[in-house]
Amino acid sequence: QVQLQESGPGLVKPSQTLSLTCTVSGGSLTKYNYYSYWIRQPPGKGLEWIGYIDYSGRTIYSPSLKSRTSISRDTSKNHFTLQLSSVTPEDTAVYYCARGTDSGDSSYDWFGYWGQGTQVTVSS
């Protein structure tokens, strides 16, 4: 069974870089046709897709966040990471990592596995 766990500081100061790590167990980051995502949910708002890194290391980011976002991976540790620079209080949210595939039986497989989420607060 695939399991994901987010980790990183829960408090970040404005203008600094938010850095989170997702540890994946039970599945390889290089597994063909699988994607590793970051998603967030600000207080009282809906889910917002941030971006992904795919099985070959290619990345795609939300247009609204692209200029501040970097997703990378360490295949030897089976980690993938999120860095969001120049943060403001508007970036306060629960951050989730997720994995899925586009080769499953339905679109529900695209985001088939989720971490429990981690609260990140941007405040001085």
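The values are calculated or read from the model by the stated rules, or taken from the named source; none is laboratory data. This structure is a prediction, so every number in the text was calculated from the model and none was measured. Here the Cβ is made from the backbone with ideal geometry for all residues, glycine too, and neighbour counts use every protein chain on show. Areas reflect the complete protein model, heavy atoms only, side chains present, ligands, DNA and RNA absent. Shrake-Rupley method; radii C 1.70, N 1.55, O 1.52, S 1.80 Å.
A few remarks follow.
- Counting only Cβ charges, +1 for Lys and Arg and -1 for Asp and Glu, the dipole size of the stretch 74-124 around its Cα centre is about 200 debye.
- Once Rg and the Kirkwood radius are both taken over the C-alpha atoms of the chain, their ratio Rg/Rh works out to 0.96.
- The stretch 1-55 - Rg over Rh from alpha carbon coordinates, Kirkwood radius: 1.02
- Against the empirical 2.2 N^0.38 Å (N residues), the stretch 72-121 has a Cα radius of gyration ratio of 1.42.
- Whole-percent carbon and sulfur share, accessible surface of the chain, 1.4 Å: 48
- Prolate/oblate/rounded label for the stretch 23-92 (Cα gyration tensor, a/c 1.5): prolate
- Net dipole in debye of the chain [+1 Lys, Arg Cβ; -1 Asp, Glu Cβ; about Cα centre; nearest 20]: 280
- A simple packing score, the average count of other Cβ atoms within 10 Å per residue, orders the peptides 90-97, 10-17 as 90-97, 10-17, with the highest score first.
- Residues of the stretch 1-76: accessible area per residue with a 1.4 Å probe, Å²: 55
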